[in-house]
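Below: the structure, in structure tokens.
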Amino acid sequence: MERTLILVKPDAMQRGLAFEVLRRLEARGLKPVAVRMLQADEAISSKHYAEHVGKPFYAGLIEYITSAPIIAAVFEGTDAVAAARQTLGATRPTEAAPGTIRHDFGLEIGRNLVHGSANLDDAAREIGIWFEGQAPIDWKRATDAWVFEG
Ligand code: DAT
Ligand code: MG
């Protein structure tokens, strides 16, 4: 089954919304298989956001993501990458659909609370970055058969 990398960003941590963000993904049916809290430094953040180097918002993005602790998590499930992105909502909160995390808790693109991998290749790459040396846990959840048909 697919796995995707989620980051609860500093604004969600500072605003006391960290576990609301994680709760929404979990309630959707996605299964947590790895979690860690850390304060990101420039080195790990620039690896994660390598595709954005040189863009006008890059410096602010690195400053933001390193400004407070974050929670990195891996969620597993059917179409986990797309499903998580759907629950997160569009990158710009004012363009995100009602009911999504970014819509319901955010207003500005530079304070959009949460990251989710964009595709399967990115998910594998990002899980490697944030969980180097910490293997996700393959576990059978008691409710799996009620969430996953197969
Ligand atoms: P996403 O986080 O939805 O994958 P992205 O990969 O295009 O979006 O950008 C990464 C983050 O960078 C995004 O969550 C917020 C910030 N960002 C993107 N575009 C921006 C812009 N035009 N101005 C300010 N910040 C931006
Ligand atoms: Mg992205």
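Report, in deg cm²/dmol and to the nearest 500, the calculated mean residue ellipticity at 222 nm for the chain, where each DSSP H run with n ≥ 4 adds -39500 (n - 2.57) and the sum is divided by the residue count. Present the calculation step by step, with values, prior to reporting the outcome.
Working: 8 runs with 60 residues, N = 150.
It comes out at -10500 deg cm²/dmol, rounded to the nearest 500.
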Checklist entry - Relative to the present Cα-Cα distance, how much length would full extension add between Ala135 and Glu20 at 0.36 nm per residue of separation? => result 38.9 nm
Checklist outcome for this item: Normalised per residue, the volume inside the convex hull of the alpha-carbon atoms of the chain in Å³ amounts to 107 Å³
Checklist entry - Under 5 Å between amide H atoms, partner at least 5 residues away or on a different chain: which partners does Asp79 have, H built in plane at 1.01 Å? => result Glu2
Next on the checklist: Nearest 10 degrees is fine. How inclined is helix 18-28 to the longest principal axis of the chain, computing both from alpha carbons?
Outcome noted: 40 degrees
Checklist entry - In degrees between 0 and 90, to the nearest 10, how far off the longest principal axis of the chain does helix 120-130 point, with axes built from Cα atoms? => result 70 degrees
Checklist entry - region 1-47 to region 78-139: how many Å between their Cα centroids? => result 8 Å
Checklist entry - What residue among Arg125, Arg15, Arg23 shows peak mean-square fluctuation when the chain is described by a Gaussian network model with Cα springs under 10 Å? => result Arg15
Checklist entry - Where a ≥ b ≥ c are the square roots of the eigenvalues of the C-alpha gyration tensor, would you call region 103-148 rounded, which needs a/c under 1.5, or, failing that, prolate if a/b is larger than b/c, or oblate? => result oblate
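Only the coordinates and a few stated rules stand behind these numbers; no lab work does. Model, not experiment: these values are computed from the prediction.
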